[in-house]
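Note sheet for the following structure.
The values are calculated or read from the model by the stated rules, or taken from the named source; none is laboratory data. None of the values given here were measured: they were computed from a predicted structure. Methodologically, a virtual Cβ is constructed for each residue, glycine included, from the backbone with ideal geometry; neighbour enumeration extends over all protein chains shown.
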């Protein structure tokens with residue numbers, strides 16, 4: 001997202017359960033593609049009423065952004081300035097997010113998990129860390145042979161995890177417990193996947209589809225273990241200066257770089273982390289993470305500094321690495337589990353056509369760089385070598401015999417098997433046949449599992465995480481076919497309908513009307529089934545319980561001072577601002593989680609009466625008539641090749657059109673294949689390429705433990721999610 005971050009695809013969500021491949025799904029909704037405009041009922045064109053002046057569609061990105069997100073940006077800037085008072089920072093971030101939610105450019109959808117699953121993987125044996133990439137590391141996963149793990153045994157293990165978390169004893173306990181219960185533990189792990197890595201260069205991507213694979217090929221300085229405790233990895237230890245500006249890491253000696261064949265390249269040294277940071281900044285994919293954090297990083301990026309030696313990351317000797325910060329950054333250590341802090345061997349990188357320095361990298365990239373083009377053009381220092389990577393077939397990770405911690409990994413071979421999503425029951429059938437080790441249960445698989453008795457015998461409800469999927473509204477649509485194939489996903493809107501959609505999408509009341517008009521529980525049910533549909537529904541971008549205040553904070557909420565006590569959750573502050581602004585939106589329920597409160601597990605947005613009221617305000621402000629005889633047509637892209645996604649799209653369509661009595665018509669734009677659906681929005685690089693009015697594939701997962709890891713993605717021009725809104 002400029003491109004800076006870990007953009008996540010909702011496709012992965014519905015195909016994964018606790019990072020395991022899930023089945024597709026089906027619903028009772030009509031899967032027949034929406035008729036063309038000529039066939040649509042009530043298709044009169046919508047024009048301004050005679051007594052009003054024709055509204056103006058904004059076409060300048062800055063003007064569009066300011067009209068929609070200026071209040072959010074104002075409070076986020078204030079939050080950025082608070083580097084010492086962390087609780088005040090959290091409070092200002094919560095207010096900024098309240099303004100973001102009120103803008104309705106993004107409508108929260110669901111998180112990963114919260115659906116039925118069946119599998120052979122023991123709970124909490126992959127890192128449960130909510131940020132960074134460590135949850136994608138699978139070397140500690142514990143998997144059993146034969147029949148899946150029974151619900152009672154899962155519950156017992158989960159209870160033990162809560163009891164012993166932080167003691168370092170859970171992994172051994174799981175092995176002992178499962179063995180005593182008659183399970184046989186194996187050292188292989190097979191999952192399904194839906195998208196091949198676009199690159200194997202961890203620095204040149206912000207896509208989760210890439211990071212999930214690459215993360216298993218190298219180690220960071222630290223790693224969050226399966227008890228969610230930060231542990232040394234390539235760094236043996238570290239110290240922090242009293243002023244919080246200098247972090248010094250001692251690098252573990254004897255860690256080796258090898259190629260994909262396991263042939264020795266060099267030892268890992270402190271200089272490799274310096275090289276990695278420079279390449280990160282040269283690529284500008286995840287550089288947003290360290291701008292304003294690492295001393296000199298911003299100046300290097302804007303060209304004020306051209307000598308990277310002036311940036312605050314240095315190897316003071318072969319095994320001593322020092323980061324110097326611009327200002328104290330309380331969450332700095334939580335950033336260590338993400339891309340910019342990975343190592344890169346300079347000599348190998350250069351040998352594969354790489355170059356260091358922003359201009360040199362740009363020239364090399366244009367000429368064609370071999371580094372990262374496939375699994376044979378990267379260096380490895382992690383637990384696995386990629387021994388097979390065949391597009392849309394399989395990826396095989398084999399234990400690295402030179403890995404420094406090779407004696408302490410549980411899985412010797414990880415196999416990813418491609419699932420194109422066309423068969424909604426394939427993953428379930430593969431799981432039963434032990435082709436893969438776990439599966440989420442979509443509506444079709446759920447019916448099969450109940451019929452064959454496996455549901456009663458083995459099902460569990462997966463836990464939710466901090467991933468935020470949702471619907472993104474295009475504020476200025478310019479593309480009406482795929483940017484990489486002008487013959488695919490061609491819009492059926494007339495020119496008049498295109499203009500009207502753009503006009504209305506730039507009005508906050510119209511966006512809120514759309515947000516309040518669709519039943520997200522019914523929408524989610526098409527993927528996971530009605531029984532668990534509410535569990536993964538989210539109501540904010542940042543989870544409401546992501547952080548808590550550590551001290552009392554008093555701030556002005558619309559001119560009235562309000563004090564939030566130490567221990568107050570982020571979500572409660574969001575809700576306070578939304579209530580003060582009079583927007584009928586619920587993002588926090590203090591009664592959930594045994595009184596602790598939650599922003600998930602309910603639909604706090606859906607309200608047809610509110611949708612109608614907001615639509616009336618939009619029509620008044622725009623000076624036009626919006627009703628069933630003068631509808632606004634907007635297009636939602638989907639992939640008809642997958643019944644589950646087709647049903648989900650139809651559920652959204654039905655809900656919005658019913659809630660607004662046909663005043664908003666949702667035309668379904670068929671991308672046919674999942675790959676085309678990705679290219680409709682997920683793989684776009686600029687707002688002008690986004691071919692939809694509403695898109696529901698993309699999402700975000702946090703990089704580190706501060707709410708700005710979410711909020712920065714909507715920053716003006718540089719935010720990672722901004723282009724998905726059709727601008728920049």
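For segment 640-648, does any single residue satisfy the condition of being free of Cβ contacts under 8 Å to residues at least 24 places away in the same chain and either at positive phi or touching a strand residue (DSSP E or B) at 6+ places or on another chain (Cβ under 7 Å) (or both)? Among the residues of segment 640-648, not one is free of Cβ contacts under 8 Å to residues at least 24 places away in the same chain and either at positive phi or touching a strand residue (DSSP E or B) at 6+ places or on another chain (Cβ under 7 Å) (or both), which makes the answer no. With respect to being assigned to a helix (DSSP H, G or I), within 28 Å of the chain's Cα centre (by Cα), modelled with pLDDT under 95 and buried (at least 19 other Cβ atoms within 10 Å of the Cβ), residue 135 fits the description. Quick one: how many residues across segment 198-212 are buried (at least 24 other Cβ atoms within 10 Å of the Cβ) and under 24 Å from residue 252 (Cβ atoms)? Residues flagged as buried (at least 24 other Cβ atoms within 10 Å of the Cβ) and under 24 Å from residue 252 (Cβ atoms) within segment 198-212 amount to 3.
Do the conditions hold for residue 327, that is, is it over 23 Å from residue 205 (Cα atoms) and under 30 Å from the mean Cα position of the chain (by Cα)? Steps first, answer last, please.
Working: over 23 Å from residue 205 (Cα atoms): yes; under 30 Å from the mean Cα position of the chain (by Cα): yes.
Yes.
Which one of 279, 377 is at pLDDT 95 or above, part of a loop (DSSP other than H, G, I, E, B), out of contact with any strand residue (DSSP E or B) (no Cβ under 6 Å at 6 or more places or on another chain) and surrounded by 15 or more Cβ atoms within 10 Å (Cβ to Cβ)? The conditions single out 377.
Limited to segment 500-512, what total is found for residues that are in a helix (DSSP H, G or I) and either free of Cβ contacts under 8 Å to residues at least 60 places away in the same chain or within 17 Å of residue 472 (Cβ to Cβ) (or both)?
Residues of segment 500-512 that are in a helix (DSSP H, G or I), as a first pass: 500-505, 508-512.
Of the ones still in play, those that are also either free of Cβ contacts under 8 Å to residues at least 60 places away in the same chain or within 17 Å of residue 472 (Cβ to Cβ) (or both) are 501-502, 504-505, 508, 510-512.
Of the residues in that region, 8 qualify.
Are any of the residues in segment 39-61 buried (at least 16 other Cβ atoms within 10 Å of the Cβ), in a helix (DSSP H, G or I) and at pLDDT 95 or above? Checked against the condition, which is being buried (at least 16 other Cβ atoms within 10 Å of the Cβ), in a helix (DSSP H, G or I) and at pLDDT 95 or above, segment 39-61 yields at least one hit. Return yes when residue 344 is modelled with pLDDT under 95 and crowded, with 21+ Cβ neighbours inside 10 Å and no when it is not. So residue 344 fails the test. Determine if segment 666-676 includes at least one residue that is in contact (Cβ under 8 Å) with a residue 40 or more places away in the chain, in contact with a strand residue (DSSP E or B) (Cβ under 8 Å, 6 or more places away or on another chain) and within 27 Å of residue 133 (Cα to Cα). Yes, some residue in segment 666-676 is in contact (Cβ under 8 Å) with a residue 40 or more places away in the chain, in contact with a strand residue (DSSP E or B) (Cβ under 8 Å, 6 or more places away or on another chain) and within 27 Å of residue 133 (Cα to Cα).
Selection of segment 618-642 for residues being surrounded by 24 or more Cβ atoms within 10 Å (Cβ to Cβ) and under 18 Å from residue 526 (Cα atoms) yields 637, 638, 639, 642. Could you check, for segment 551-567, whether at least one of its residues is buried (at least 18 other Cβ atoms within 10 Å of the Cβ) and either modelled with pLDDT under 95 or part of a loop (DSSP other than H, G, I, E, B) (or both)? No, segment 551-567 contains no residue that is buried (at least 18 other Cβ atoms within 10 Å of the Cβ) and either modelled with pLDDT under 95 or part of a loop (DSSP other than H, G, I, E, B) (or both). Of 536, 540, all but one fail to be buried (at least 21 other Cβ atoms within 10 Å of the Cβ), touching a strand residue (DSSP E or B) at 6+ places or on another chain (Cβ under 8 Å) and more than 21 Å from residue 89 (Cα to Cα); the exception is 536. Residues in segment 606-639 that are within 23 Å of residue 531 (Cα to Cα) and either in contact with a strand residue (DSSP E or B) (Cβ under 7 Å, 6 or more places away or on another chain) or not assigned by TED's automatic domain parsing to the domain that holds residue 479 (or both): there are none.
Look at residue 100 and say whether it is touching a strand residue (DSSP E or B) at 6+ places or on another chain (Cβ under 6 Å) and either farther than 30 Å from residue 142 by Cβ or surrounded by fewer than 21 Cβ atoms within 10 Å (Cβ to Cβ) (or both).
On the way: touching a strand residue (DSSP E or B) at 6+ places or on another chain (Cβ under 6 Å): no; either farther than 30 Å from residue 142 by Cβ or surrounded by fewer than 21 Cβ atoms within 10 Å (Cβ to Cβ) (or both): yes.
Considered against the rule, which asks whether it is touching a strand residue (DSSP E or B) at 6+ places or on another chain (Cβ under 6 Å) and either farther than 30 Å from residue 142 by Cβ or surrounded by fewer than 21 Cβ atoms within 10 Å (Cβ to Cβ) (or both), residue 100 comes out as no.
Would you pick out the residues in segment 481-499 that are in a loop (DSSP other than H, G, I, E, B) and either over 25 Å from residue 69 (Cβ atoms) or free of Cβ contacts under 8 Å to residues at least 40 places away in the same chain (or both)? Answer for segment 481-499, where residues must be in a loop (DSSP other than H, G, I, E, B) and either over 25 Å from residue 69 (Cβ atoms) or free of Cβ contacts under 8 Å to residues at least 40 places away in the same chain (or both): 481, 484, 486, 487, 488, 489, 490, 491, 492, 493, 494.
Which count do you get for residues in segment 586-617 that are closer than 20 Å to residue 663 by Cβ and surrounded by fewer than 23 Cβ atoms within 10 Å (Cβ to Cβ)?
Keep residues of segment 586-617 that are closer than 20 Å to residue 663 by Cβ, which gives 605-617.
Right, trim to surrounded by fewer than 23 Cβ atoms within 10 Å (Cβ to Cβ) and you get 606-610, 612-613, 616-617.
Going through segment 586-617 one residue at a time, the tally reaches 9.
Taking segment 262-273 as the range and being crowded, with 22+ Cβ neighbours inside 10 Å and touching a strand residue (DSSP E or B) at 6+ places or on another chain (Cβ under 7 Å) as the test, the residues that pass are 268, 269, 270, 273. Contact annotation: no residue pair with Cβ atoms under 9 Å, 6 or more positions apart or on different chains, pairs a residue in segment 563-582 that is free of Cβ contacts under 8 Å to residues at least 12 places away in the same chain with a partner that is part of a helix (DSSP H, G or I). For segment 684-707, taking the residues that are out of contact with any strand residue (DSSP E or B) (no Cβ under 7 Å at 6 or more places or on another chain) and crowded, with 22+ Cβ neighbours inside 10 Å, the one that is farthest from residue 136 (Cα to Cα) is identified as 690. Criterion applied to 365, 371 was being without any contact (Cβ under 8 Å) to a residue 60 or more places away in the chain and either within 25 Å of residue 678 (Cβ to Cβ) or touching a strand residue (DSSP E or B) at 6+ places or on another chain (Cβ under 6 Å) (or both), and the one residue passing it is 365.
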